[in-house]
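Colleague: A single structure is presented below for examination.
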Amino acid sequence: MRTNPNPNTLAVVRNLGILAHVDAGKTTVTERILYATGTTHKRGEVHDGTTVTDFDPQERDRGITIFAAAVSCAWDGHRINLIDTPGHVDFADEVERSLRVLDGAVAVFDAVAGVEPQSESVWRQADRHGVPRIAFVNKLDRAGADLDTAVASIRERLHPAPLVVQLPIGAEDGFRGVVDLVRMRALVWADGADTAVEGPVPEELRAEADRRRRLLEEAVAELHAGALEEFCARSTLSPETLGTALRDLTRNGDGVVVLCGSAYRNRGIEPLLDAVVAYLPSPLDVPAVRGLHDGVDQDRPADPSMPFAALAFKVSATPTGRLTFLRVYSGTIEKGDTVFDATARRTERIGRILRVRADRHAQLDRAVAGDIVAVIGLKSARPGATLCAPDAPLVLEPPSVADPVVSVAVEARRTTDTDRLATALARLAEEDPSLVVRTDAETGQTVLSGMGELHLEVAVEKIRRDLAVEVNVGRPRVSYRETVGRGVTGFVFRHVKQDGGAGQFAHVVLDVQPTEGGFEFRSTVVGGRVPQEYVRAVEAGCRDALAEGPLGGHPVTGLRVTLTDGATHVKDSSDTAFRTAGRLGLRDALRTCAMVLLEPVVEVTVTVPEDAVGAVLGDLAARRGRVTGSATRAGAAVVTATVPLAELFGYATRLRSRTQGRGSFTTRPTGYAPAPVTTAAPR
């Protein structure tokens, strides 16, 4: 165990996340890291409900990570701030908010399954945020585990350059150690031992280790100019040059260092920690954060002496108070300081600063640039809010929030609990921006929308458990969209209103055509027939009309609107008149178009015994599924299909019954596709 961090030096800080598919072993890896660093003195187990990071009762009941949990530990003189992220697709927004504030990540892969659907999704999320990663191939002790096959799937499906720096010693149940190909030393873990015994490479593996070291050197030399120069001069690379090149390739994203082990058996965790320290960046190694002040870009480097700037990425209500999790990008903050919430435009006071270890906290006097901490005392800060020094305001880019795809109607079982339910829903939406609460205009029902069935189940259960409010829940409904199948040209709309006083007059001519993507607006008006300020008002009115389409009041997407002509009145034309004309004109134009109803579609990956494949394929076909691939892994069949989300409600129960409980499935959103019914334009 190596400790004694120097918290005042940014170079020894590592902010990283653990990313993976469900059941790849993220939480077990996190627990073993905490154990190896001396943060805990007993190994937490997911199946026993004794993990540190999965501390919520629902996480322990379901055996999965639901909420991103932050922990802090020390290794080899370095401070490691670690976030264990969820692996289920319904909680991808938790991953998105975490990646926004991380400097690096460890991607965990199952040595049997390789790259799975959600591990591919979180990898793409990390790509968007430019987060450097190292890969850890876990569960090498399982039957069917194969490092080379897992690495091949990383290369084929994720398209990085995998740089394998370890060779397993033993296979499956006999896996007992690794050969470090950088230092050419063997690390062997005895049964029940917490630390490895280091020694020379076993003689029977010497030839294979030399071959793999050569492949590693060649791969690195192809990607790194400095390594290529030494390789050409000496036909080999020194451990120092190889280590430097691996660090550079990891940090600029040109390569991914691949390690292996078995987290459950506590094998491979110490080399993983060494790799985190050696290859992943510190706050000093990443570009300065960029924000806006009065419309002008400003950079804030990771410097404790600069003005304070931080991003709130998570809010959690606990028995001890409202916790706001912050990534401090620049400056220093102390308890009792006043900060400016640039998003809500109000000042707040920091009551306490906490170093977080899941549901346990240690009080701090201050937090500096590069820290990930929680604070108590903020009343208005929401996930995505920027906190900064009052005399140096700045707005940082918030994490993106996905649109919800599934909705349920909720109501209090007892009338007396209606107000408590409203409070509970408001708090849920405050903590999780991907949950949306609204009131249906037609029925007056309260509708809760989220990213999937499980997401909504967890939210409702949280209301029942934490606030003791009994609720009735309606059948889930998906969020449809509408788009233009066949457009219309030269649609004329005149808005004239005279009811005393100043009137309203606006004349617009619109072309509406289908297009890829969302909404596009352009103007081809010439001769100043519609002034530019009125053109902007027409665009705003058209955007207003997109909220409700003609088929069923669903949001409209995938269209291009062109303002081709118009007319004004010398006295009665105004921004308001042209905005109204844009809204009502597009609404009427859509009624003359051929509209298409779109439904959310997901990619489903079903893993079943081979003798149940026929029944599963038949059931997918009955759900309007389209099979896109199949494979066999470790004696089980893996079927991939695209299925409308609406057809998957209750699928878990059906799959269990058709496979005698031996089948499992995961989903990944793939966008929207036309629903079976297409409504033509009325004549």
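Colleague: For the ranges 381-387, 615-621, what's the packing order if you count other beta-carbon atoms within 10 Å of each residue, average per peptide, and put the highest first?
Modeller: Sorting 381-387, 615-621 by mean packing, highest first, produces 381-387, 615-621.
Colleague: Taking Cα atoms, how many degrees apart are the long axis of helix 225-234 and the longest axis of the chain, rounded to 10 and kept between 0 and 90?
Modeller: Once rounded, the angle reads 30 degrees.
Colleague: Have a look at the DSSP beta bridges in the chain and tell me what percent are antiparallel, nearest 5.
Modeller: Counting only bridges with both partners in the chain, antiparallel ones make up about 80 percent.
Colleague: What's the magnitude of the charge dipole for segment 176-250 around its Cα centre, counting Lys and Arg as +1 and Asp and Glu as -1 at the beta-carbon? Answer in Debye, nearest 20.
Modeller: About 80 debye.
Colleague: Considering only segment 487-624, what is the antiparallel percent among its DSSP beta bridges, to the nearest 5?
Modeller: 75
Colleague: Can you give the extra length, in nm with one decimal, that the chain gains between ASP588 and ASP294 once fully stretched, where that is 0.36 nm per residue apart less the Cα-Cα distance?
Modeller: Full extension from ASP588 to ASP294 adds 102.0 nm.
Colleague: Report the Cα centroid-to-centroid distance between segment 259-286 and segment 106-174 in angstrom, as an integer.
Modeller: First find each Cα centre; the distance between them is then 14 Å.
Colleague: Which entries in LYS314/LYS335; LYS139/LYS462; LYS314/LYS379; LYS139/LYS314 show an alpha-carbon gap greater than 23 Å?
Modeller: Pairs exceeding 23 Å: LYS139/LYS462; LYS139/LYS314.
Colleague: Another question, then. Once phi is turned into ³J(HN,Hα) by the Karplus curve 6.51 cos²θ - 1.76 cosθ + 1.60 with θ = phi - 60°, what whole-Hz value does each residue of segment 506-512 show in order, with x for glycine and proline?
Modeller: Per residue, the Karplus-derived 3J(HN,Hα) values read 8, 10, 10, 10, 10, 10, 10 Hz.
Colleague: Of TYR264, TYR329, TYR35, TYR672, which has the most accessible area and how do the rest follow, probe 1.4 Å?
Modeller: Solvent-accessible surface, decreasing: TYR264, TYR672, TYR35, TYR329.
Colleague: Then there is this: Using Cα atoms only, what is the angle between the long axis of helix 147-158 and the major principal axis of the chain, expressed in degrees (0 to 90) to the nearest 10?
Modeller: That helix lies at roughly 20 degrees to the long axis.
Colleague: What list of ³J(HN,Hα) values in whole Hz, one per residue of segment 523-538 in order, does the Karplus curve 6.51 cos²θ - 1.76 cosθ + 1.60 (θ = phi - 60°) give from phi, with Gly and Pro shown as x?
Modeller: Along segment 523-538, the couplings run 10, 10, 5, 10, x, x, 5, 10, x, 4, 5, 6, 4, 5, 5, 4 Hz.
Colleague: Quick check for you: with a 1.4 Å probe and neighbouring chains kept, what is the accessible area per residue of the chain, in Å²?
Modeller: Heavy-atom accessible area per residue stands at 43 Å².
Colleague: Now for a separate question. As a test question: what accessible area, to the nearest 10 Å², does PHE109 have when a 1.4 Å probe is rolled over all protein chains in place?
Modeller: 0
Colleague: Here's something else I'd like to know. Karplus couplings for segment 97-113 from phi (6.51 cos²θ - 1.76 cosθ + 1.60, θ = phi - 60°), rounded to Hz, Gly and Pro as x?
Modeller: Result, rounded to whole Hz: 5, 5, 4, 4, 10, 9, 9, x, 7, 10, 9, 9, 10, 6, 5, 8, 7.
Colleague: Still on this model: Order the following by accessible area, largest value first: VAL258, VAL405. Probe radius 1.4 Å; ligands, DNA and RNA are ignored.
Modeller: Descending accessible area places them as VAL405, VAL258.
Colleague: Taking the Cβ-Cβ separation of LEU284 and ALA502 as r and a Förster radius of 35 Å, what is the calculated FRET efficiency to the nearest 0.05?
Modeller: 0.05
Colleague: On C-alpha positions alone, give me the angle between the axis of helix 575-592 and the longest principal axis of the chain, in degrees, nearest 10.
Modeller: It works out to around 80 degrees.
Colleague: Note down the nm distance, to one decimal, between modelled labels 7 Å out along Cα→Cβ at ALA152 and at GLU208.
Modeller: Each label point is offset 7 Å from its Cα along the Cβ direction, giving 1.6 nm.
Colleague: Okay, next question. Residues of segment 134-174 with backbone nitrogen within less than 12 Å of a virtual label 7 Å along the Cα-to-Cβ line of ALA631, please, listed as ranges.
Modeller: Label zone hits: 149-158.
Colleague: Full-extension gain between LEU228 and HIS129, please, as 0.36 nm times their residue separation minus the C-alpha to C-alpha distance.
Modeller: 32.7 nm
The values are calculated or read from the model by the stated rules, or taken from the named source; none is laboratory data. Bear in mind that the values here come from a model prediction, so they are computed numbers and not experimental data. We place every Cβ from the backbone using ideal geometry, glycine too, and count neighbours over all the protein chains shown. Protein only, heavy atoms only, side chains kept; ligands, DNA and RNA dropped before computing areas. Shrake-Rupley method; radii C 1.70, N 1.55, O 1.52, S 1.80 Å.
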